[in-house]
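Nothing in this text is a laboratory measurement; each read-out follows from the coordinates by a stated rule. No experiment lies behind these values; they were computed from the predicted model shown. Please note: Cβ atoms are built from the backbone with ideal geometry, for glycine as well, and neighbour counts cover all protein chains shown.
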Amino acid sequence: VGLHNCGFWRPKSFLDVAGLTLSFNSWHRKTHHDSRALWKHEAVQKYLESLSKEYQQVSRLLNADSINDFEQRALRKRCTDLSPIAAAFQEIKEAEREVEELEAMCRDLGSRDEKQLLELALEEKEILDKKINMLCRKLFQLLVPKEKYDRSHVVLEVTAGRTTGGDICQQFTKEVFEMYQNYADYKRWTFDIVNYTPAEIGGLHHAAAHISGDDVYRHLKYEGGTHRVQRIPETGLSSRMQRIHTGTMSVIVLPQPEEVDVKVDPKDLRIDTFRAKGAGGQHVNKTDSAVRIVHLPTGLAVECQQERSQLLNKEVALRTLRAKLYQQVIEKQLSHEQSARKLQLGTRAQSERIRTYNFTQDRVTDHRISYDARNIKEILSGKEALDKLINRLLEFAEIEAATEYLENLQALEGGGC
C-alpha cells in the first residue's frame with residue numbers, strides 16, 4: 001500500500017492481494033447468487049481485508065507532514081471512498097464473532113434447565129444472521145459504482161400482445177398496469193397516467209405513465225420485456241372449453257432524468273387532435289382534447305388524452321416525446337456500459353420474455369434468475385410480494401456486478417499508468 005510512482009493513489013489489484021488463481025467466472029457459475037455466499041469466498045475476504053488495511057494506512061498518511069497538497073487531496077478522496085467499505089467490513093466481522101460465540105454457547109447448553117436460554121441464544125443468532133446478510137448486501141453495493149440513471153424518474157408503457165385466446169392479453173395488460181400503479185403507491189411514488197387506450201371488452205390495449213419518486217428507475221429497470229400469462233379465460237367461448245391459453249404483453253421502462261435537454265424542431269412534428277377514449281370522466285368524450293404527436297424523422301409517436309385541456313395534453317406529449325428521443329442517446333450509453341454478464345439479467349428489450357404468470361398453478365416465474373413465487377394475486381396487488389421479487393432481482397444484479405468488478409480488478413494485474 002502506498003502512493004503509486006505516477007503521483008496518484010492507485011488501489012492494489014485483486015491478484016496483488018489474493019494471489020488468486022481460481023477464476024471467478026467458474027466459481028460464479030457454480031454458486032448461488034447470494035451476497036453471503038460471495039462474502040465467504042476466500043479471495044473476496046483477502047481483498048476486503050486489504051481494503052480495510054489500506055484505509056488504516058491512508059488515515060495515518062493523512063496525518064503525516066511529509067506529503068504535499070496534491071498527494072493529500074488524493075489520499076483524502078481515497079479515504080472517503082474506503083471509509084464506508086471498511087466500516088461495513090468490520091461490522092460484519094464483529095457480527096460473525098458474536099455468532100461464533102453464540103454457537104459455542106449453544107453446544108454447551110444441553111440440560112432441560114437451560115432450554116429457555118438455548119431458545120434465546122438461537123433467536124439472537126437468527127437476528128445476527130439477518131444483520132450479516134443485510135450488511136453483506138450493503139458492502140457490495142458500496143463496492144460497485146452506481147448506475148448512472150438509477151435515481152431517475154421513468155416513463156412506463158404497457159402494450160397488449162396477440163393470442164388466439166381472444167381477450168386474455170388485454171385483460172392481463174390491464175392487471176399488470178394496475179400492478180405497477182399499486183406498486184408506485186406502495187413505494188410512495190407519483191404515478192401520472194399520460195395515455196390509456198382501453199379494449200372494448202374491459203381490458204387494455206396500451207397505456208403509459210410518468211412515475212416519479214426516489215430511485216424509481218433502480219427498482220423498475222428490470223421490469224422491461226415480455227410478460228407471459230397462462231390461464232383459463234374467465235369469459236367468452238374459450239372459458240367454457242376450460243383450456244389453458246397463453247398470451248403476452250410487453251413492458252417498456254425508460255429512464256427520464258429531470259433535465260431532458262433535447263431540441264425538437266416544430267417542422268419535424270405532425271400534431272393530430274382527436275376525441276379521447278380513456279377513463280378520465282365524462283368530459284374526455286365531449287371535445288377533441290386528446291393529442292397525438294408524430295416525430296417525422298424517426299417515426300416516433302406519442303399520445304396524451306388524460307388532461308381536460310388540449311394544451312396540457314400537448315405539453316405532456318411533447319415531454320414524453322423528448323424523453324423517448326433522449327432514450328435513444330441513453331440506449332447507446334447503456335449498450336456500451338453493459339457487459340455480457342449484465343446482459344444475462346436481460347437486455348431490457350421489448351421482445352425478451354422475462355416472466356411467466358401461470359394462473360392455473362398459482363405461480364410466477366422470473367426466467368432470468370430461475371425464481372418461483374407463489375400467490376399471483378399477492379404479486380399483482382403490487383405490494384410486498386412484488387417488492388420482494390424486485391429486490392431479489394436487484395440483489396442478483398448486484399452480485400453479478402460485484403463479481404464482474406472483482407474480475408476486472410484481476411485484469412488490472414501488472415497494469416501501470
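Looking at this model, which pairs from 174/377; 40/130; 138/324; 93/388 are more than 22 angstrom apart at the alpha-carbon?
138/324; 93/388
Which is farthest toward the positive dipole end of segment 35-143 among 83, 51, 70, measuring Cα position about the Cα centre, with Cβ charges +1 (Lys, Arg) and -1 (Asp, Glu)?
70
About the Cα centre of segment 35-143, what is the dipole size in debye to 20, counting +1 per Lys and Arg Cβ and -1 per Asp and Glu Cβ, all else neutral?
On the way: 19 positive and 22 negative charges, 122 e Å.
Using only the charged Cβ atoms, the result is roughly 580 debye.
For segment 35-143, what percent of Cα pairs sit more than 25 Å apart? Don't jump to the answer; show the numbers that get you there.
Values: 2388 of 5886 pairs.
Result for the distance tail: 41 percent.
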